[in-house]
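Participant: Can you read through this structure? Questions will come right after.
The numbers here are math on the coordinates, done by the rules we state, and not lab data. Treat the numbers as computed from the prediction; the structure is a model and nothing was measured. Glycine gets a Cβ as well: all are built from the backbone with ideal geometry, and neighbour counts include every protein chain shown.
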Amino acid sequence: MVNLVPRGSFCFCKGGTGAVQFKNFSNQMVVKKYGKMKIKAREFALKHHSEQKYGEHPYVVHLDAVANLVQQYGETAVVIAYLHDVVEDTNINIREIEKEFGALVADCVAVLTDEPGKDRKERKEKTYSKMALVCGETEIALLVKAADRLANMRACVAENKERLLALYKEEYPVFKKTVFRPGICDEIWAKLAELNTVKPLHASGVGIPGGVE
């Protein structure tokens, strides 16, 4: 039996083998599920990510996946989910986010934006150091970060990106030490822990796809 799990304008289709594939999904579900501010954030992200790709897919596939994972935690979490890469990957700056969506959302997007560095290792070290200091209201950013990582790892499984999946697993202890907060999105962390114990089915030579961090 095939189970469909909504992911905004796309969904993940999971079969009996555990394989996951991207499928088209009506955008009407997003309108029914989310309120005006969430729709505004999605449209803002669509406009500014424009033609960017998430692997071979439109970038909104990833944004919808993250938004769906955090929807149970409230509107602000969904808004941040849609905006979490917009400063890092487009010409938008934090001041524009604050003007459109308020100070809390802007602060959380700032937390989620990678710090500059000569390579991924340096960027992540600086970014994790920043995240380790997060407390109070902006901890909602860490919820979105956990969902972002879960969505990325699921995408790796879906498209057999074994090399990137292995990298995420290698980073996981430091990632969890930095991002995890007791009592915040425990369900997401349980799913992350499960994925980090799954052994690869293949030894793919595929590198890091565009838009995946």
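Participant: Charges only on Cβ, +1 for Lys and Arg, -1 for Asp and Glu: so what's the dipole of the range 32-139 about the Cα centre, in debye to the nearest 20?
Facilitator: With Lys and Arg at +1 and Asp and Glu at -1, about 220 debye.
Participant: Still on this structure, I have one more. Can you tell me the Rg and Dmax of the range 45-203, counting just the alpha carbons, in angstroms?
Facilitator: Cα only, the range 45-203: 15.0, 46 Å (Rg, Dmax).
Participant: I've got another one for you. List the chymotrypsin sites (Phe, Trp or Tyr not before Pro) within the range 31-79 that DSSP assigns to loop and that have no more than 12 neighbouring Cβ atoms inside 10 Å.
Facilitator: none
Participant: Over the Cα atoms of the range 27-121, Rg to Rh with Kirkwood Rh, two decimal places?
Facilitator: Reported Rg/Rh (Cα atoms, Kirkwood Rh): 0.96.
Participant: Still on this structure, please answer the following. Just how large is the dipole of the range 131-182 about the Cα centre, in debye to the nearest 20, putting +1 at every Lys and Arg Cβ and -1 at every Asp and Glu Cβ?
Facilitator: With only Lys, Arg, Asp and Glu charged at Cβ, the dipole is about 140 debye.
Participant: Over the Cα atoms of the range 96-164, Rg to Rh with Kirkwood Rh, two decimal places?
Facilitator: Result for the range 96-164 is an Rg/Rh of 1.04.
Participant: Enumerate the lysines that Lys38 could reach by cross-link, defined here as Cα to Cα under 16 Å, with residues fewer than 8 away along the same chain left out.
Facilitator: Lys47, Lys99
Participant: So which trypsin sites (Lys or Arg not before Pro) in the range 111-202 pass both tests, a DSSP loop state and at most 15 other Cβ atoms within 10 Å of the Cβ?
Facilitator: When the trypsin sites (Lys or Arg not before Pro) of the range 111-202 are filtered for loop state and at most 15 Cβ neighbours within 10 Å, Lys118 remain.
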